[in-house]
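Worksheet: the structure to be examined is printed underneath.
The values are calculated or read from the model by the stated rules, or taken from the named source; none is laboratory data. Note that this is a predicted model, so its numbers are computed, not measured. Positions of Cβ are generated from backbone atoms using ideal geometry, with glycine treated the same way; all protein chains shown enter the neighbour counts. The protein model used for the area step is the full one, side chains on, heavy atoms only, and it has no ligands, DNA or RNA in it. Shrake-Rupley method; radii C 1.70, N 1.55, O 1.52, S 1.80 Å.
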Amino acid sequence: MILAPIVFLPLPLMYNSEVGRCAYVVLIMAVYWVAEVIPLAATALLPIALLPLLGIRASKDVCVNYLKDTNMLFVGGLIVAVAVERWNLHKRIALRVLVLVGSTPRWLMFGFMASTAFLSMWISNTATTAMMVPIAHAVLGELKAQRKSKPVDSHRIRESYIQCWYIHIIIYSEEEYQTELDREFTNMEKGLTLCVAYAANIGGSATLTGTGPNLVLKGQIDILYGASAGINFSSWFVVAFPNMLISLALAWFWLQFLFLGPSCFFKRSKPKDADSTNDVIRSEIKKMGPMSFAEKAVLAHFVILAVLWLTGEPEFVPGWADLPFLKKGYVTDASVAICVSISLFMFPSQRPTFLCYTGLSKPRPALLDWQTVQERMSWSVVILLGGGFALADACKASGLSQIIGEALRSLTSLPVWLLVFLLCLITAGITEITSNVATATIFLPIIAELAVGAGIHPLYLMIPVTISASFAFMLPVATPPNAIVFAFGNMRIVDMAKAGIVMNIVCIAVLQIAINSWGYAFYDLGTFPDWARPNVTASV
(Lines give C-alpha, C1' and ligand atoms only; values in the text may rest on other atoms or scores of the structure.)
Protein backbone atom coordinates (compact mmCIF):
# COMPACT_ATOMS: atom_id res chain seq x y z
CA MET A 1 0.00 0.00 0.00
CA ILE A 2 2.83 2.41 0.86
CA LEU A 3 5.59 1.14 -1.39
CA ALA A 4 3.62 1.03 -4.67
CA PRO A 5 3.09 4.82 -4.97
CA ILE A 6 6.75 5.39 -3.98
CA VAL A 7 8.23 2.78 -6.35
CA PHE A 8 6.28 4.12 -9.35
CA LEU A 9 6.85 7.80 -8.49
CA PRO A 10 9.78 8.23 -10.94
CA LEU A 11 7.39 7.55 -13.82
CA PRO A 12 5.38 10.83 -13.61
CA LEU A 13 8.54 12.74 -12.61
CA MET A 14 10.54 11.54 -15.63
CA TYR A 15 7.61 11.74 -18.05
CA ASN A 16 5.79 14.83 -16.87
CA SER A 17 2.83 14.47 -19.24
CA GLU A 18 -0.73 13.19 -19.06
CA VAL A 19 0.46 9.83 -20.38
CA GLY A 20 3.09 9.43 -17.64
CA ARG A 21 0.73 10.52 -14.89
CA CYS A 22 -2.06 8.25 -16.17
CA ALA A 23 0.34 5.30 -16.31
CA TYR A 24 1.25 6.06 -12.68
CA VAL A 25 -2.41 5.80 -11.63
CA VAL A 26 -2.93 2.60 -13.65
CA LEU A 27 0.09 0.89 -12.07
CA ILE A 28 -0.93 1.83 -8.53
CA MET A 29 -4.46 0.54 -9.09
CA ALA A 30 -3.16 -2.65 -10.72
CA VAL A 31 -0.97 -3.41 -7.68
CA TYR A 32 -3.78 -2.59 -5.26
CA TRP A 33 -6.22 -4.82 -7.16
CA VAL A 34 -3.80 -7.74 -7.39
CA ALA A 35 -2.61 -7.53 -3.77
CA GLU A 36 -6.03 -6.44 -2.39
CA VAL A 37 -4.34 -4.17 0.14
CA ILE A 38 -7.65 -2.33 0.45
CA PRO A 39 -11.08 -3.56 -0.72
CA LEU A 40 -11.45 -3.80 -4.50
CA ALA A 41 -14.28 -1.27 -4.55
CA ALA A 42 -12.21 1.19 -2.49
CA THR A 43 -9.41 0.91 -5.05
CA ALA A 44 -11.98 1.58 -7.76
CA LEU A 45 -12.68 4.97 -6.13
CA LEU A 46 -9.05 6.11 -6.56
CA PRO A 47 -9.64 7.68 -10.03
CA ILE A 48 -11.97 10.25 -8.44
CA ALA A 49 -9.14 11.34 -6.15
CA LEU A 50 -6.04 10.90 -8.33
CA LEU A 51 -7.09 11.82 -11.86
CA PRO A 52 -8.20 15.40 -11.03
CA LEU A 53 -5.25 15.95 -8.65
CA LEU A 54 -2.76 14.91 -11.34
CA GLY A 55 -4.46 17.04 -13.99
CA ILE A 56 -5.52 14.11 -16.18
CA ARG A 57 -9.32 14.48 -16.11
CA ALA A 58 -11.75 16.90 -14.47
CA SER A 59 -13.69 15.50 -11.53
CA LYS A 60 -17.06 15.85 -13.28
CA ASP A 61 -15.71 13.87 -16.25
CA VAL A 62 -14.43 11.12 -13.96
CA CYS A 63 -17.53 10.80 -11.77
CA VAL A 64 -19.92 10.43 -14.68
CA ASN A 65 -18.38 7.00 -15.38
CA TYR A 66 -19.64 5.53 -12.11
CA LEU A 67 -23.31 5.38 -13.14
CA LYS A 68 -23.28 4.83 -16.85
CA ASP A 69 -25.89 2.88 -18.80
CA THR A 70 -23.94 -0.35 -18.23
CA ASN A 71 -23.86 0.20 -14.47
CA MET A 72 -27.63 0.68 -14.40
CA LEU A 73 -28.07 -2.47 -16.48
CA PHE A 74 -26.17 -4.32 -13.78
CA VAL A 75 -28.19 -2.65 -10.98
CA GLY A 76 -31.45 -3.70 -12.64
CA GLY A 77 -30.24 -7.26 -13.09
CA LEU A 78 -29.07 -7.43 -9.48
CA ILE A 79 -32.41 -6.18 -8.13
CA VAL A 80 -34.26 -8.93 -10.02
CA ALA A 81 -31.68 -11.42 -8.71
CA VAL A 82 -32.31 -10.21 -5.14
CA ALA A 83 -36.03 -10.88 -5.60
CA VAL A 84 -35.29 -14.38 -6.90
CA GLU A 85 -33.08 -15.07 -3.87
CA ARG A 86 -35.51 -13.54 -1.37
CA TRP A 87 -38.33 -15.90 -2.34
CA ASN A 88 -36.01 -18.93 -2.81
CA LEU A 89 -37.05 -19.37 -6.41
CA HIS A 90 -33.49 -20.31 -7.37
CA LYS A 91 -33.45 -23.15 -4.83
CA ARG A 92 -36.73 -24.56 -6.13
CA ILE A 93 -35.42 -24.50 -9.72
CA ALA A 94 -32.20 -26.27 -8.67
CA LEU A 95 -34.00 -28.98 -6.69
CA ARG A 96 -36.46 -29.64 -9.53
CA VAL A 97 -33.58 -30.12 -11.95
CA LEU A 98 -31.91 -32.58 -9.55
CA VAL A 99 -35.10 -34.62 -9.28
CA LEU A 100 -35.37 -34.81 -13.06
CA VAL A 101 -31.83 -35.99 -13.80
CA GLY A 102 -31.72 -39.02 -11.52
CA SER A 103 -29.50 -40.19 -8.67
CA THR A 104 -26.45 -41.87 -10.17
CA PRO A 105 -23.27 -39.89 -9.42
CA ARG A 106 -22.71 -38.87 -13.04
CA TRP A 107 -26.28 -37.62 -13.47
CA LEU A 108 -26.23 -35.92 -10.10
CA MET A 109 -23.14 -34.08 -11.31
CA PHE A 110 -24.98 -33.18 -14.51
CA GLY A 111 -27.95 -31.88 -12.51
CA PHE A 112 -25.79 -29.74 -10.24
CA MET A 113 -23.86 -28.32 -13.20
CA ALA A 114 -26.95 -27.64 -15.34
CA SER A 115 -28.88 -25.87 -12.58
CA THR A 116 -25.83 -23.92 -11.36
CA ALA A 117 -24.92 -22.76 -14.86
CA PHE A 118 -28.50 -21.68 -15.60
CA LEU A 119 -28.83 -19.73 -12.36
CA SER A 120 -25.38 -18.13 -12.83
CA MET A 121 -26.58 -16.68 -16.11
CA TRP A 122 -29.01 -14.47 -14.19
CA ILE A 123 -27.87 -14.10 -10.59
CA SER A 124 -24.38 -13.68 -9.16
CA ASN A 125 -21.96 -16.60 -9.39
CA THR A 126 -21.20 -16.20 -5.69
CA ALA A 127 -24.85 -16.38 -4.59
CA THR A 128 -25.51 -19.37 -6.85
CA THR A 129 -22.52 -21.29 -5.48
CA ALA A 130 -23.32 -20.41 -1.89
CA MET A 131 -26.84 -21.82 -2.40
CA MET A 132 -25.84 -24.97 -4.34
CA VAL A 133 -22.93 -26.17 -2.19
CA PRO A 134 -25.04 -26.86 0.96
CA ILE A 135 -27.51 -28.81 -1.21
CA ALA A 136 -24.63 -30.86 -2.61
CA HIS A 137 -23.33 -31.55 0.89
CA ALA A 138 -26.79 -32.63 2.10
CA VAL A 139 -26.96 -35.15 -0.74
CA LEU A 140 -23.41 -36.35 -0.09
CA GLY A 141 -24.10 -36.67 3.62
CA GLU A 142 -27.06 -38.95 2.94
CA LEU A 143 -25.03 -41.05 0.51
CA LYS A 144 -22.29 -41.45 3.11
CA ALA A 145 -24.75 -42.44 5.83
CA GLN A 146 -26.38 -45.03 3.58
CA ARG A 147 -23.03 -46.57 2.65
CA LYS A 148 -21.91 -46.86 6.28
CA SER A 149 -25.19 -48.49 7.34
CA LYS A 150 -24.84 -51.38 4.86
CA PRO A 151 -22.80 -54.51 5.68
CA VAL A 152 -19.80 -55.25 3.48
CA ASP A 153 -19.35 -58.65 1.86
CA SER A 154 -15.68 -59.51 2.33
CA HIS A 155 -15.62 -61.53 -0.88
CA ARG A 156 -17.56 -59.10 -3.03
CA ILE A 157 -16.24 -58.73 -6.57
CA ARG A 158 -16.34 -55.35 -8.29
CA GLU A 159 -15.58 -54.48 -11.87
CA SER A 160 -13.25 -51.51 -11.47
CA TYR A 161 -12.66 -50.34 -15.01
CA ILE A 162 -12.24 -51.43 -18.61
CA GLN A 163 -8.56 -51.54 -19.43
CA CYS A 164 -6.92 -52.55 -22.71
CA TRP A 165 -10.15 -54.07 -24.07
CA TYR A 166 -10.63 -56.56 -21.19
CA ILE A 167 -12.41 -56.36 -17.85
CA HIS A 168 -10.07 -56.02 -14.89
CA ILE A 169 -11.50 -57.87 -11.85
CA ILE A 170 -10.32 -57.07 -8.31
CA ILE A 171 -11.21 -59.07 -5.16
CA TYR A 172 -11.06 -57.06 -1.95
CA SER A 173 -10.85 -58.07 1.68
CA GLU A 174 -13.40 -56.39 3.97
CA GLU A 175 -10.90 -53.77 5.17
CA GLU A 176 -9.56 -53.14 1.66
CA TYR A 177 -13.06 -52.85 0.25
CA GLN A 178 -14.12 -50.33 2.90
CA THR A 179 -10.96 -48.32 2.25
CA GLU A 180 -11.70 -48.38 -1.48
CA LEU A 181 -15.28 -47.22 -0.83
CA ASP A 182 -14.01 -44.33 1.31
CA ARG A 183 -11.57 -43.31 -1.41
CA GLU A 184 -14.30 -43.44 -4.05
CA PHE A 185 -16.66 -41.39 -1.88
CA THR A 186 -13.97 -38.76 -1.24
CA ASN A 187 -13.37 -38.45 -4.97
CA MET A 188 -17.11 -38.20 -5.62
CA GLU A 189 -17.39 -35.52 -2.93
CA LYS A 190 -14.60 -33.52 -4.57
CA GLY A 191 -16.15 -33.92 -8.02
CA LEU A 192 -19.68 -32.93 -6.97
CA THR A 193 -18.54 -29.83 -5.09
CA LEU A 194 -15.97 -28.73 -7.65
CA CYS A 195 -18.48 -29.07 -10.48
CA VAL A 196 -20.62 -26.38 -8.82
CA ALA A 197 -17.80 -23.81 -8.89
CA TYR A 198 -16.83 -24.63 -12.46
CA ALA A 199 -20.43 -24.49 -13.67
CA ALA A 200 -20.90 -21.09 -11.98
CA ASN A 201 -17.78 -19.70 -13.69
CA ILE A 202 -18.76 -21.08 -17.09
CA GLY A 203 -22.48 -20.25 -16.81
CA GLY A 204 -21.87 -16.60 -15.98
CA SER A 205 -20.12 -16.09 -19.32
CA ALA A 206 -23.31 -16.83 -21.29
CA THR A 207 -25.15 -13.56 -20.62
CA LEU A 208 -24.10 -9.93 -20.63
CA THR A 209 -25.15 -9.50 -16.99
CA GLY A 210 -23.91 -12.91 -15.86
CA THR A 211 -20.50 -11.78 -14.65
CA GLY A 212 -18.46 -8.61 -14.24
CA PRO A 213 -16.03 -8.90 -17.20
CA ASN A 214 -18.93 -9.04 -19.67
CA LEU A 215 -20.26 -5.75 -18.37
CA VAL A 216 -16.76 -4.28 -18.43
CA LEU A 217 -16.61 -5.11 -22.16
CA LYS A 218 -20.01 -3.48 -22.74
CA GLY A 219 -18.91 -0.33 -20.93
CA GLN A 220 -15.51 -0.18 -22.65
CA ILE A 221 -17.12 -0.61 -26.07
CA ASP A 222 -19.55 2.21 -25.32
CA ILE A 223 -16.68 4.48 -24.21
CA LEU A 224 -14.42 3.68 -27.17
CA TYR A 225 -16.87 3.21 -30.03
CA GLY A 226 -20.41 4.00 -28.91
CA ALA A 227 -23.60 1.95 -29.22
CA SER A 228 -23.06 1.33 -32.95
CA ALA A 229 -20.70 -1.55 -32.12
CA GLY A 230 -23.79 -3.71 -31.57
CA ILE A 231 -22.96 -5.24 -28.17
CA ASN A 232 -26.20 -5.84 -26.29
CA PHE A 233 -27.80 -8.66 -24.35
CA SER A 234 -29.19 -10.58 -27.33
CA SER A 235 -26.14 -10.25 -29.60
CA TRP A 236 -23.86 -11.41 -26.78
CA PHE A 237 -26.17 -14.35 -26.04
CA VAL A 238 -26.06 -15.59 -29.65
CA VAL A 239 -22.28 -16.02 -29.48
CA ALA A 240 -21.63 -16.82 -25.82
CA PHE A 241 -24.49 -19.21 -25.01
CA PRO A 242 -23.45 -22.01 -27.43
CA ASN A 243 -19.87 -21.61 -26.22
CA MET A 244 -21.08 -22.04 -22.65
CA LEU A 245 -23.05 -25.21 -23.48
CA ILE A 246 -20.09 -26.89 -25.17
CA SER A 247 -17.66 -25.88 -22.41
CA LEU A 248 -20.09 -27.12 -19.75
CA ALA A 249 -20.54 -30.49 -21.48
CA LEU A 250 -16.78 -31.00 -21.76
CA ALA A 251 -16.32 -29.97 -18.14
CA TRP A 252 -18.89 -32.59 -17.14
CA PHE A 253 -17.02 -35.32 -19.03
CA TRP A 254 -13.65 -34.27 -17.66
CA LEU A 255 -14.78 -34.12 -14.00
CA GLN A 256 -16.43 -37.54 -14.35
CA PHE A 257 -13.25 -39.02 -15.77
CA LEU A 258 -11.04 -37.42 -13.12
CA PHE A 259 -13.11 -37.98 -9.97
CA LEU A 260 -15.52 -40.83 -10.76
CA GLY A 261 -13.12 -42.87 -12.88
CA PRO A 262 -13.37 -44.19 -16.45
CA SER A 263 -15.76 -46.94 -15.33
CA CYS A 264 -18.56 -44.38 -14.76
CA PHE A 265 -19.00 -44.13 -18.53
CA PHE A 266 -19.85 -47.84 -18.76
CA LYS A 267 -22.02 -48.37 -15.69
CA ARG A 268 -25.71 -48.75 -16.49
CA SER A 269 -27.12 -50.22 -13.26
CA LYS A 270 -28.92 -48.08 -10.73
CA PRO A 271 -26.97 -47.70 -7.45
CA LYS A 272 -28.58 -49.09 -4.32
CA ASP A 273 -28.45 -45.71 -2.59
CA ALA A 274 -30.20 -43.91 -5.45
CA ASP A 275 -33.58 -43.99 -3.72
CA SER A 276 -32.19 -42.45 -0.55
CA THR A 277 -30.58 -39.68 -2.58
CA ASN A 278 -33.91 -38.93 -4.25
CA ASP A 279 -35.54 -38.91 -0.83
CA VAL A 280 -33.12 -36.21 0.37
CA ILE A 281 -33.86 -34.01 -2.63
CA ARG A 282 -37.61 -34.57 -2.42
CA SER A 283 -37.60 -33.84 1.30
CA GLU A 284 -35.94 -30.48 0.57
CA ILE A 285 -38.69 -29.72 -1.97
CA LYS A 286 -41.34 -30.81 0.53
CA LYS A 287 -39.90 -28.43 3.14
CA MET A 288 -40.38 -25.56 0.69
CA GLY A 289 -44.07 -26.41 0.28
CA PRO A 290 -46.14 -25.60 -2.80
CA MET A 291 -45.08 -22.74 -5.04
CA SER A 292 -46.31 -19.52 -3.48
CA PHE A 293 -47.98 -16.59 -5.22
CA ALA A 294 -44.82 -14.52 -4.63
CA GLU A 295 -42.61 -17.14 -6.32
CA LYS A 296 -44.90 -17.25 -9.32
CA ALA A 297 -44.91 -13.46 -9.54
CA VAL A 298 -41.11 -13.24 -9.35
CA LEU A 299 -40.81 -16.01 -11.95
CA ALA A 300 -43.13 -14.03 -14.25
CA HIS A 301 -40.97 -10.90 -13.82
CA PHE A 302 -37.84 -12.95 -14.46
CA VAL A 303 -39.22 -14.49 -17.66
CA ILE A 304 -40.49 -11.12 -18.93
CA LEU A 305 -37.08 -9.54 -18.35
CA ALA A 306 -35.24 -12.37 -20.13
CA VAL A 307 -37.61 -12.26 -23.12
CA LEU A 308 -37.36 -8.46 -23.42
CA TRP A 309 -33.56 -8.62 -23.23
CA LEU A 310 -33.33 -11.34 -25.86
CA THR A 311 -35.78 -9.75 -28.32
CA GLY A 312 -34.79 -6.08 -27.98
CA GLU A 313 -32.09 -5.87 -30.64
CA PRO A 314 -31.23 -9.37 -31.87
CA GLU A 315 -29.23 -7.84 -34.77
CA PHE A 316 -30.07 -10.67 -37.20
CA VAL A 317 -33.83 -9.83 -37.16
CA PRO A 318 -35.71 -6.65 -36.15
CA GLY A 319 -36.57 -6.48 -32.45
CA TRP A 320 -39.10 -4.56 -30.41
CA ALA A 321 -36.53 -1.74 -29.94
CA ASP A 322 -36.89 -1.06 -33.69
CA LEU A 323 -40.60 -0.24 -33.39
CA PRO A 324 -41.39 3.08 -35.15
CA PHE A 325 -42.74 4.86 -32.07
CA LEU A 326 -39.45 4.29 -30.18
CA LYS A 327 -36.53 6.59 -30.92
CA LYS A 328 -33.50 4.63 -32.10
CA GLY A 329 -30.97 4.11 -29.31
CA TYR A 330 -33.13 5.66 -26.60
CA VAL A 331 -34.39 2.44 -25.00
CA THR A 332 -31.58 0.08 -23.93
CA ASP A 333 -31.22 -3.14 -21.93
CA ALA A 334 -30.75 -0.94 -18.86
CA SER A 335 -34.14 0.73 -19.39
CA VAL A 336 -35.83 -2.68 -19.50
CA ALA A 337 -34.00 -3.94 -16.40
CA ILE A 338 -34.97 -0.88 -14.36
CA CYS A 339 -38.62 -1.05 -15.51
CA VAL A 340 -38.93 -4.66 -14.36
CA SER A 341 -37.06 -3.84 -11.13
CA ILE A 342 -39.44 -0.99 -10.27
CA SER A 343 -42.39 -3.33 -10.87
CA LEU A 344 -41.04 -5.64 -8.14
CA PHE A 345 -41.50 -2.81 -5.61
CA MET A 346 -45.13 -2.38 -6.73
CA PHE A 347 -46.40 -5.92 -7.29
CA PRO A 348 -47.98 -7.57 -4.20
CA SER A 349 -46.39 -10.66 -2.68
CA GLN A 350 -49.80 -12.11 -1.73
CA ARG A 351 -52.75 -12.74 -3.98
CA PRO A 352 -54.78 -9.49 -4.04
CA THR A 353 -58.57 -9.35 -3.89
CA PHE A 354 -59.33 -5.79 -5.01
CA LEU A 355 -56.56 -3.24 -5.56
CA CYS A 356 -54.44 -5.09 -2.97
CA TYR A 357 -57.04 -4.49 -0.21
CA THR A 358 -59.28 -6.86 1.71
CA GLY A 359 -61.95 -4.72 3.29
CA LEU A 360 -60.25 -2.22 5.57
CA SER A 361 -57.03 -4.26 6.05
CA LYS A 362 -53.61 -2.95 5.15
CA PRO A 363 -52.20 -3.31 1.62
CA ARG A 364 -50.32 -6.50 0.75
CA PRO A 365 -46.52 -6.16 1.05
CA ALA A 366 -44.67 -5.87 -2.23
CA LEU A 367 -42.41 -8.53 -3.71
CA LEU A 368 -39.40 -6.45 -2.79
CA ASP A 369 -38.59 -3.67 -0.34
CA TRP A 370 -35.61 -1.34 -0.35
CA GLN A 371 -34.26 -2.63 2.96
CA THR A 372 -33.82 -6.09 1.43
CA VAL A 373 -32.13 -4.65 -1.65
CA GLN A 374 -29.83 -2.56 0.53
CA GLU A 375 -28.73 -5.62 2.51
CA ARG A 376 -28.30 -8.10 -0.35
CA MET A 377 -27.25 -5.90 -3.25
CA SER A 378 -23.62 -6.20 -4.37
CA TRP A 379 -22.98 -2.45 -4.50
CA SER A 380 -19.23 -3.01 -4.50
CA VAL A 381 -19.36 -4.50 -7.99
CA VAL A 382 -21.21 -1.43 -9.29
CA ILE A 383 -18.43 0.80 -7.94
CA LEU A 384 -15.79 -1.60 -9.27
CA LEU A 385 -17.27 -1.35 -12.75
CA GLY A 386 -17.41 2.45 -12.48
CA GLY A 387 -13.78 2.63 -11.45
CA GLY A 388 -12.83 0.51 -14.44
CA PHE A 389 -14.78 2.75 -16.81
CA ALA A 390 -13.17 5.87 -15.30
CA LEU A 391 -9.73 4.35 -15.74
CA ALA A 392 -10.46 3.36 -19.35
CA ASP A 393 -11.75 6.84 -20.11
CA ALA A 394 -8.56 8.38 -18.66
CA CYS A 395 -6.34 5.99 -20.65
CA LYS A 396 -8.13 6.96 -23.85
CA ALA A 397 -8.15 10.72 -23.15
CA SER A 398 -4.48 10.82 -22.14
CA GLY A 399 -3.33 8.70 -25.07
CA LEU A 400 -1.86 5.95 -22.84
CA SER A 401 -3.91 3.17 -24.51
CA GLN A 402 -2.71 4.29 -27.93
CA ILE A 403 0.97 4.26 -26.87
CA ILE A 404 0.70 0.79 -25.31
CA GLY A 405 -1.17 -0.48 -28.37
CA GLU A 406 1.61 0.79 -30.64
CA ALA A 407 4.24 -0.84 -28.40
CA LEU A 408 2.47 -4.18 -28.83
CA ARG A 409 2.12 -3.74 -32.60
CA SER A 410 4.79 -6.42 -33.20
CA LEU A 411 2.34 -9.07 -31.98
CA THR A 412 0.13 -8.40 -34.99
CA SER A 413 2.66 -10.18 -37.21
CA LEU A 414 1.23 -13.41 -35.78
CA PRO A 415 -1.80 -15.06 -37.41
CA VAL A 416 -4.94 -13.59 -35.88
CA TRP A 417 -6.17 -16.92 -34.49
CA LEU A 418 -2.81 -17.44 -32.75
CA LEU A 419 -2.86 -13.89 -31.38
CA VAL A 420 -6.34 -14.49 -29.96
CA PHE A 421 -5.24 -17.79 -28.41
CA LEU A 422 -2.17 -16.22 -26.73
CA LEU A 423 -4.18 -13.27 -25.38
CA CYS A 424 -6.76 -15.67 -23.93
CA LEU A 425 -4.06 -17.78 -22.27
CA ILE A 426 -2.46 -14.69 -20.74
CA THR A 427 -5.82 -13.38 -19.50
CA ALA A 428 -6.85 -16.73 -18.01
CA GLY A 429 -3.47 -17.02 -16.29
CA ILE A 430 -3.58 -13.54 -14.76
CA THR A 431 -7.18 -13.90 -13.60
CA GLU A 432 -6.11 -16.91 -11.50
CA ILE A 433 -4.43 -14.52 -9.07
CA THR A 434 -6.49 -11.34 -9.40
CA SER A 435 -10.09 -10.25 -9.83
CA ASN A 436 -11.49 -11.06 -13.26
CA VAL A 437 -13.18 -7.65 -13.35
CA ALA A 438 -9.85 -5.92 -12.64
CA THR A 439 -8.11 -8.04 -15.29
CA ALA A 440 -10.69 -7.15 -17.93
CA THR A 441 -10.61 -3.48 -16.92
CA ILE A 442 -6.85 -3.22 -17.42
CA PHE A 443 -6.58 -5.39 -20.54
CA LEU A 444 -9.52 -4.41 -22.72
CA PRO A 445 -8.60 -0.78 -23.58
CA ILE A 446 -5.07 -1.92 -24.52
CA ILE A 447 -6.38 -4.78 -26.64
CA ALA A 448 -8.82 -2.42 -28.37
CA GLU A 449 -5.98 -0.11 -29.40
CA LEU A 450 -3.90 -3.09 -30.49
CA ALA A 451 -6.73 -4.33 -32.72
CA VAL A 452 -7.47 -0.94 -34.27
CA GLY A 453 -3.81 -0.24 -34.93
CA ALA A 454 -3.45 -3.57 -36.73
CA GLY A 455 -6.67 -3.21 -38.70
CA ILE A 456 -8.31 -6.14 -36.88
CA HIS A 457 -11.98 -6.04 -35.90
CA PRO A 458 -11.84 -4.96 -32.21
CA LEU A 459 -14.45 -7.54 -31.16
CA TYR A 460 -12.29 -10.31 -32.65
CA LEU A 461 -9.85 -9.79 -29.78
CA MET A 462 -12.04 -8.26 -27.09
CA ILE A 463 -14.83 -10.85 -26.92
CA PRO A 464 -12.61 -13.94 -26.41
CA VAL A 465 -10.39 -12.10 -23.92
CA THR A 466 -13.48 -11.05 -21.95
CA ILE A 467 -14.88 -14.58 -21.82
CA SER A 468 -11.49 -16.09 -20.93
CA ALA A 469 -11.43 -13.80 -17.87
CA SER A 470 -14.17 -16.06 -16.47
CA PHE A 471 -12.11 -19.22 -17.03
CA ALA A 472 -10.33 -19.30 -13.67
CA PHE A 473 -10.45 -22.87 -12.43
CA MET A 474 -7.07 -23.62 -10.84
CA LEU A 475 -6.83 -21.73 -7.53
CA PRO A 476 -9.23 -20.95 -4.65
CA VAL A 477 -8.34 -17.24 -4.85
CA ALA A 478 -9.25 -17.03 -8.54
CA THR A 479 -13.01 -16.53 -8.08
CA PRO A 480 -15.50 -16.46 -5.17
CA PRO A 481 -17.12 -19.77 -6.33
CA ASN A 482 -13.70 -21.47 -6.17
CA ALA A 483 -13.13 -20.10 -2.68
CA ILE A 484 -16.56 -21.23 -1.43
CA VAL A 485 -16.09 -24.76 -2.74
CA PHE A 486 -12.58 -24.96 -1.32
CA ALA A 487 -13.83 -23.85 2.11
CA PHE A 488 -16.76 -26.31 2.13
CA GLY A 489 -15.28 -29.41 0.59
CA ASN A 490 -12.58 -31.93 1.45
CA MET A 491 -10.47 -30.22 -1.19
CA ARG A 492 -6.75 -29.64 -1.60
CA ILE A 493 -5.20 -26.99 -3.82
CA VAL A 494 -3.55 -29.73 -5.85
CA ASP A 495 -6.98 -31.26 -6.59
CA MET A 496 -8.31 -27.95 -7.86
CA ALA A 497 -5.14 -27.21 -9.83
CA LYS A 498 -5.10 -30.67 -11.44
CA ALA A 499 -8.68 -30.35 -12.57
CA GLY A 500 -8.41 -26.66 -13.39
CA ILE A 501 -5.42 -26.69 -15.72
CA VAL A 502 -7.19 -29.04 -18.11
CA MET A 503 -10.38 -26.99 -17.79
CA ASN A 504 -8.50 -23.80 -18.73
CA ILE A 505 -7.06 -25.39 -21.86
CA VAL A 506 -10.33 -27.04 -22.89
CA CYS A 507 -12.47 -23.92 -22.40
CA ILE A 508 -10.00 -21.68 -24.24
CA ALA A 509 -9.87 -24.19 -27.11
CA VAL A 510 -13.68 -24.20 -27.33
CA LEU A 511 -13.64 -20.41 -27.24
CA GLN A 512 -11.28 -20.34 -30.25
CA ILE A 513 -13.70 -22.52 -32.20
CA ALA A 514 -16.62 -20.30 -31.21
CA ILE A 515 -15.03 -16.98 -32.16
CA ASN A 516 -13.69 -18.37 -35.45
CA SER A 517 -16.95 -19.99 -36.57
CA TRP A 518 -20.40 -18.70 -35.60
CA GLY A 519 -18.92 -15.67 -33.81
CA TYR A 520 -16.88 -14.78 -36.89
CA ALA A 521 -19.97 -14.95 -39.10
CA PHE A 522 -22.37 -13.22 -36.71
CA TYR A 523 -20.15 -10.17 -36.03
CA ASP A 524 -18.55 -10.19 -39.52
CA LEU A 525 -15.13 -10.24 -37.90
CA GLY A 526 -13.32 -10.48 -41.22
CA THR A 527 -14.26 -6.88 -42.07
CA PHE A 528 -12.90 -3.86 -40.23
CA PRO A 529 -16.01 -1.97 -39.02
CA ASP A 530 -16.84 1.62 -39.89
CA TRP A 531 -17.58 2.44 -36.24
CA ALA A 532 -13.89 1.83 -35.39
CA ARG A 533 -12.45 3.93 -38.26
CA PRO A 534 -12.45 7.29 -36.40
CA ASN A 535 -9.98 5.72 -33.97
CA VAL A 536 -7.68 4.86 -36.87
CA THR A 537 -7.80 8.46 -38.04
CA ALA A 538 -7.08 9.71 -34.53
CA SER A 539 -4.08 7.42 -34.15
CA VAL A 540 -2.60 8.62 -37.46
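Pairing each residue of segment 26-40 that is modelled with pLDDT of 85 or more with any residue that is surrounded by fewer than 16 Cβ atoms within 10 Å (Cβ to Cβ) and part of a helix (DSSP H, G or I), provided the two are 6+ apart or on different chains, yields C-beta distances under 6 Å for Ile28/Pro5. Taken over segment 11-34, the residue count meeting the criterion of being in a helix (DSSP H, G or I) and either touching a strand residue (DSSP E or B) at 6+ places or on another chain (Cβ under 8 Å) or open to solvent by 60 Å² or more (accessible area, probe 1.4 Å) (or both) is 5. Number of residues in segment 49-74 that are of a type in the set (A, V, I, L, M), in a helix (DSSP H, G or I), farther than 22 Å from Asn436 by Cα and open to solvent by 40 Å² or more (accessible area, probe 1.4 Å): the value is 4. So, in segment 274-332, of the ones that are modelled with pLDDT under 80 and at positive phi, which residue ends up nearest to the chain's Cα centre (by Cα)? Among those that are modelled with pLDDT under 80 and at positive phi, it is Glu315. Among the residues examined, Glu432 qualifies as of a type in the set (Asp, Glu), open to solvent by less than 20 Å² (accessible area, probe 1.4 Å) and in contact with a helix residue (DSSP H, G or I) (Cβ under 9 Å, 6 or more places away or on another chain). Looking only at segment 66-85, decide whether some residue is under 26 Å from Gly226 (Cα atoms) and charged (D, E, K, R). Checked against the condition, which is being under 26 Å from Gly226 (Cα atoms) and charged (D, E, K, R), segment 66-85 yields at least one hit. Restricting attention to segment 97-125, the residues being in contact with a Ser or Thr (Cβ under 8 Å, 6 or more places away or on another chain), surrounded by fewer than 24 Cβ atoms within 10 Å (Cβ to Cβ) and over 18 Å from Ala249 (Cβ atoms) number 2. Within segment 394-416, restricting attention to residues that are farther than 12 Å from Gly453 by Cα and within 28 Å of the chain's Cα centre (by Cα), the residue that is most open to solvent (accessible area, probe 1.4 Å) is Lys396. Every test in (1) more than 19 Å from Phe241 (Cβ to Cβ); (2) touching a Leu at 6+ places or on another chain (Cβ under 7 Å) is passed by Ile467 save one, and that test is (1). Condition check for Leu140 on (1) surrounded by fewer than 23 Cβ atoms within 10 Å (Cβ to Cβ); (2) assigned to a helix (DSSP H, G or I); (3) at pLDDT 80 or above: one failure, at (3). When residues of segment 423-437 are filtered for being part of a helix (DSSP H, G or I) and under 19 Å from Ile202 (Cβ atoms), how many remain? Counting residues in segment 423-437 that are part of a helix (DSSP H, G or I) and under 19 Å from Ile202 (Cβ atoms) gives 8. In segment 340-360, is there at least one residue being closer than 30 Å to Glu18 by Cα, modelled with pLDDT of 80 or more and in a helix (DSSP H, G or I)? Looking through segment 340-360, none of the residues is closer than 30 Å to Glu18 by Cα, modelled with pLDDT of 80 or more and in a helix (DSSP H, G or I).
Would it be correct to say that Ser401 is in a helix (DSSP H, G or I), without any contact (Cβ under 8 Å) to a residue 60 or more places away in the chain and in contact with a Pro (Cβ under 6 Å, 6 or more places away or on another chain)? Here the answer is yes, as Ser401 does meet what is asked. In segment 1-19, the residues that are closer than 18 Å to Glu36 by Cβ reach residues that are among the β-branched types (Val, Ile, Thr) and open to solvent by less than 100 Å² (accessible area, probe 1.4 Å) with C-beta atoms within less than 6 angstrom, at least six apart or across chains, in these pairs: Met1/Val37; Ala4/Ile28; Ala4/Val31; Pro5/Ile28.
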